[in-house]
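The values are calculated or read from the model by the stated rules, or taken from the named source; none is laboratory data. Small disclaimer: the values here were computed from a predicted structure and weren't measured. Using ideal geometry, Cβ is built from the backbone for each residue, glycine included, and neighbour counts are taken over all protein chains shown. Note: accessible area is taken over every heavy atom of the protein model, side chains too, but ligands, DNA and RNA are not part of it. Shrake-Rupley method; radii C 1.70, N 1.55, O 1.52, S 1.80 Å.
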Amino acid sequence: MICIPVTAETQEAMLTKMERAFALADLVELRIDGLRGVDLDRLIRARRGAVIVTNRRREEGGGFAGSEADRIRLLIRAALLDADYVDVELGTDEALKGELREAVRARGGRVRLIVSAHDFERTPPVRELEERLRACFASGADIAKIVAMAGAPEDNLRMLRLLAGANKKGQAVVAFCMGEKGRPSRALAPLFGSRISYAALEEGEGSAPGQWTIGEMRALLKLLRHEAER
């Protein structure tokens, strides 16, 4: 699935971007950490397809300015409104993660929990990446998301190796590298079993460094899949 992350400062701007994104993507991520005055009821009612609700903390590239309890409370509200996915960071306080996990489980499978781990400094060795993957699933993830900054082209291979191993085990994983040197992994990850790929609505609107636009991503995947079938 290709997901377009939507960021905005106001509800109206986010609703406008959501409408455009749903026409282009399989999935839309509502990045509510940059919103002023979040009205989740209104946002989720306006969906035209599946949504991920993410309220990213500042330590992992987000902009939420309130307390951790308030941040997770919004994710719990999203789960109670039957958002298709909610995304929480692996490093979140265990008690707060537990509250969110309980809210997700109470929805009887209508909501899935993504537990994510980001490294904005480097791409760790495969063994360390595998440890983070295990920790995400131990935290109750339905889908584990592992993202790291590429410092060299070979870092892409490290991430794809992680994906290949997880895919053989039947694990639901999202994994790729960030940054300009990590762009190859964003295009190749779906071929190695990554469940979700993230692409920007337009140039300059990416939610993380190195994102292709939705048009570029679709063109690359079409080309790569054609080559893989030859």
Could you give the nm distance between label points at LEU157 and GLU121, where each point is 7 Å from its Cα heading toward the beta carbon? 2.5 nm
Modelling each spin label as a point 7 Å along the Cα-to-Cβ direction, I'd like the GLU203/ALA69 distance in nm, to one decimal. 4.7 nm
List the residues whose amide H sits under 5 Å from the amide H of SER197, counting only those 5 or more places along or on another chain, with H placed 1.01 Å from N in the peptide plane. ILE2, CYS3
If each part is reduced to its alpha-carbon centroid, the range 140-200 and the range 1-17 end up apart, in Å, by 23 Å
For n ≥ 4 DSSP H runs only, could you compute -39500 (n - 2.57) per run for the chain, divide by its residues and tell me the 222 nm figure to the nearest 500? -12500 deg cm²/dmol
In percent, how large is the relative contact order of the range 41-85, given Cα pairs closer than 8 Å and 6 or more residues apart? 46 percent
With an 8 Å Cα cut-off and a minimum separation of 6 or more residues, compute the relative contact order for the chain in percent. 16 percent
R0 of 41 Å, Cβ-Cβ distance LEU223-ALA138: FRET efficiency to nearest 0.05: 0.65
Tally Lys/Arg at +1 and Asp/Glu at -1 over every other residue whose Cβ is under 10 Å from the Cβ of ALA69; what's the total? -2
I'd like to check one number: the per residue accessible area of the range 6-71, probe 1.4 Å, reported in Å² as a whole number. 46 Å²
For ARG47 and ALA106, FRET efficiency with R0 = 22 Å and r from the beta-carbon atoms, rounded to 0.05? 0.60
Toy charge model, Lys and Arg Cβ at +1, Asp and Glu Cβ at -1: the chain dipole around Cα centroid in debye, rounded to 20, equals 700 debye
Out of the total accessible area of the chain (probe 1.4 Å, heavy atoms of protein only), what percent is carbon and sulfur? 50 percent
Set LYS145/LYS222; LYS145/LYS169; LYS97/LYS169; LYS97/LYS145 screened for pairs whose C-alpha atoms are more than 21 Å apart: LYS145/LYS222; LYS97/LYS169
How long is the gain from ARG20 to GLU216 if the chain were fully straight, where each residue apart is worth 0.36 nm and the alpha carbon distance is subtracted? 68.9 nm
Write down the accessible area per residue of the range 87-195 in Å², having rolled a 1.4 Å probe over the full set of protein chains. 44 Å²
Which residues' amide hydrogens lie under 5 Å from the amide hydrogen of LEU81, considering only partners 5 or more residues apart or on another chain, with H built in the peptide plane? none
Using a cut-off of 14 Å between beta-carbons, work out the net charge of the residues near ASP155 (Lys and Arg +1, Asp and Glu -1, ASP155 not included). +1
